[in-house]
Amino acid sequence: MIVGAKMNLMPITNRPTVSVANRVSHFSYAIRNIVDEAKNVEARGLRVRYMNVGDPVAYGFQSPPHLIEAVERALRDGYNGYAPSAGVIQARDAVAEDYTKRGMAVTADRVLITTGTSEGIELVLTALVDEGDEVLVPVPTYPLYTAVIAKLGAGAKYYRTDPNQDWMPDLDHLRSLITPRTRVLVVVDPNNPTGAVYPTHIRRALIDIAEEYGLVIVADEVYSEVAHDGPVPLLGTLDNDAPIISLSSLSKAYLAPGWRTGWMVVGSNSRLDNVLVAMKRLADARLCSPGPMQHAVVAALQGDQSHLDEFRSALTERARLTIECLSAIPAMSCVPPRAAFYAMPSLALPPGRTDEDFVLNLLRETGILCVYGSGFGMAPEAGCFRVVFLASPQELTMTYNDIAAFTEHYLEKA
Ligand SMILES: Cc1ncc(COP(=O)(O)O)c(C=O)c1O
């Protein structure tokens, strides 16, 4: 007793710092991590122009009113308790119907409602990948994949996508990375951060490779409705029997990223049954994704979708403007994005400079916040950075003019 009492008197400053798990050192998410530096810039009094996060609502796009009404109604109708772990049946039915209508036939028991695509990524990789297993991930990559793989103690194997081929996957490179420990092929199509949309022969080849090596495809299809020329078919429509688990959400096409509501659809072939059972077990342990928002899934997939045409045409205009302005900058090149709201330009950097150096200097001098390509797994000397082109055309024009002036100055100084 007395000893314990003495220990409690120990001055707080003498207590050792609590250590954190090693896995955190492998976990980073540049898209948000870079905001710390933006806050420093703001503290100096410079306005920061945030071009780092793919959130349409932050740029003035509005969630469709009938989705908001569906959530309001659910709240008022008393759907405020825990939802079933796999999601409310109305939402699961709506997703199954939507996929079936679009050509990937599934039943509602193969649908899970998740806390955004992000939770789908975590659930599917946790269910499939043991420590030491390997996952094929495109590079540049959406960084959550790398972060989750690191957390699981698995290995990310990056297959190249090639800016000289419109950011198409390099299939030979992909094949060369496959080992007996490879379990999963991640396909992000349409792609963040490149805005690429893969043609049918590439998609077909990805399925064939997965079949040849016994891999499961995690198809991240969160941008399939916001391809600029109209919705992209789901990967599973090419082969309903392929080992595909498709992920999507309300975040992008349905303009409600803050609701954290998404879904995962497990292809109907019975060889995926164990994976479905495993994911349901994992889902049970986290109780459920937010209940009231799940009611908006029905409204989104079965109600009025006219906002999609408007959104796509706004994106098409901004993509055109982005290419026009960025391609006019000497030493800069950019593949035209064909989907979503991202472009990945690259700057021919002076020797010894990195993408992070360019992006941080751009931020500190102009307040423009982009994300460096190495945050997406690109080589730092490749000079890539990602822009989010959701701001108004006027704001974008000013921003691109400022990027042009800064770049000229940055290259001259080097
Ligand atoms: C390719 C990709 N997958 C998943 C996500 C996460 O989306 P959600 O908001 O549905 O979790 C994003 C978000 O930017 C993304 O770009």
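Equivalent ellipsoid semi-axes for region 206-246, as square roots of 5 times the alpha carbon gyration tensor eigenvalues: give them largest first, rounded to whole Å.
Here the semi-axes work out to 22, 9, 8 Å.
Can you tell me the Rg and Dmax of region 314-414, counting just the alpha carbons, in angstroms?
Rg then Dmax for region 314-414, in Å: 12.6, 38.
Over region 69-159, what number does the Rg to Rh ratio reach, with both radii from the alpha-carbon atoms and Rh per Kirkwood?
Over the Cα atoms of region 69-159, Rg/Rh equals 1.08.
Computed over the Cα atoms of region 65-302, what is the ratio Rg over Rh, Rh following Kirkwood?
We get a ratio of 0.96 for region 65-302.
Take the cross-link list LYS157/LYS252; LYS151/LYS280; LYS101/LYS280; LYS151/LYS413; LYS157/LYS413 and give me the ones stretching past 29 Å between alpha-carbons. It would help to have the intermediate numbers written out before the result.
Numbers: LYS157/LYS252 27 Å; LYS151/LYS280 20 Å; LYS101/LYS280 24 Å; LYS151/LYS413 41 Å; LYS157/LYS413 37 Å.
Beyond 29 Å between Cα atoms: LYS151/LYS413; LYS157/LYS413.
Quick one: P(r) of region 368-413 from all Cα-Cα pairs, 10 Å bins, percents rounded to integers, in order of increasing distance.
24, 46, 28, 1
Ranking MET378, MET332 by Cβ neighbours within 10 Å, fewest first, what do you get?
In order of increasing Cβ crowding within 10 Å: MET332, MET378.
For region 161-207, what is the Kirkwood estimate of the hydrodynamic radius, computed as the reciprocal of the mean inverse distance between distinct Cα atoms, to one decimal in Å?
11.5
Within a Cβ distance under 12 Å of TYR372, other residues only, what is the Lys/Arg minus Asp/Glu net charge?
Computed value for this residue: -3.
Among ASN33, THR322, PRO163, whose Cα lies farthest out toward the positive end of the dipole of the chain, if unit charges sit on the beta carbon of Lys, Arg (+1) and Asp, Glu (-1)?
ASN33
Taking the C-alpha atoms of region 39-103, how large are the radius of gyration and the largest Cα-Cα span, Dmax, in Å?
Reported Rg and Dmax, both Å: 19.0, 53.
Order of 392-403, 121-132 by packing, highest average Cβ count within 10 Å first?
121-132, 392-403
Kirkwood Rh, Cα Rg: Rg to Rh for the chain?
1.00
Every number in this text was worked out from the coordinates using simple rules, so none of it is lab data. Quantities reported herein were computed from a predicted structural model and do not represent experimental measurements. As a convention, Cβ positions derive from the backbone with ideal geometry for all residues, glycine included, and neighbour counts pool all protein chains shown.
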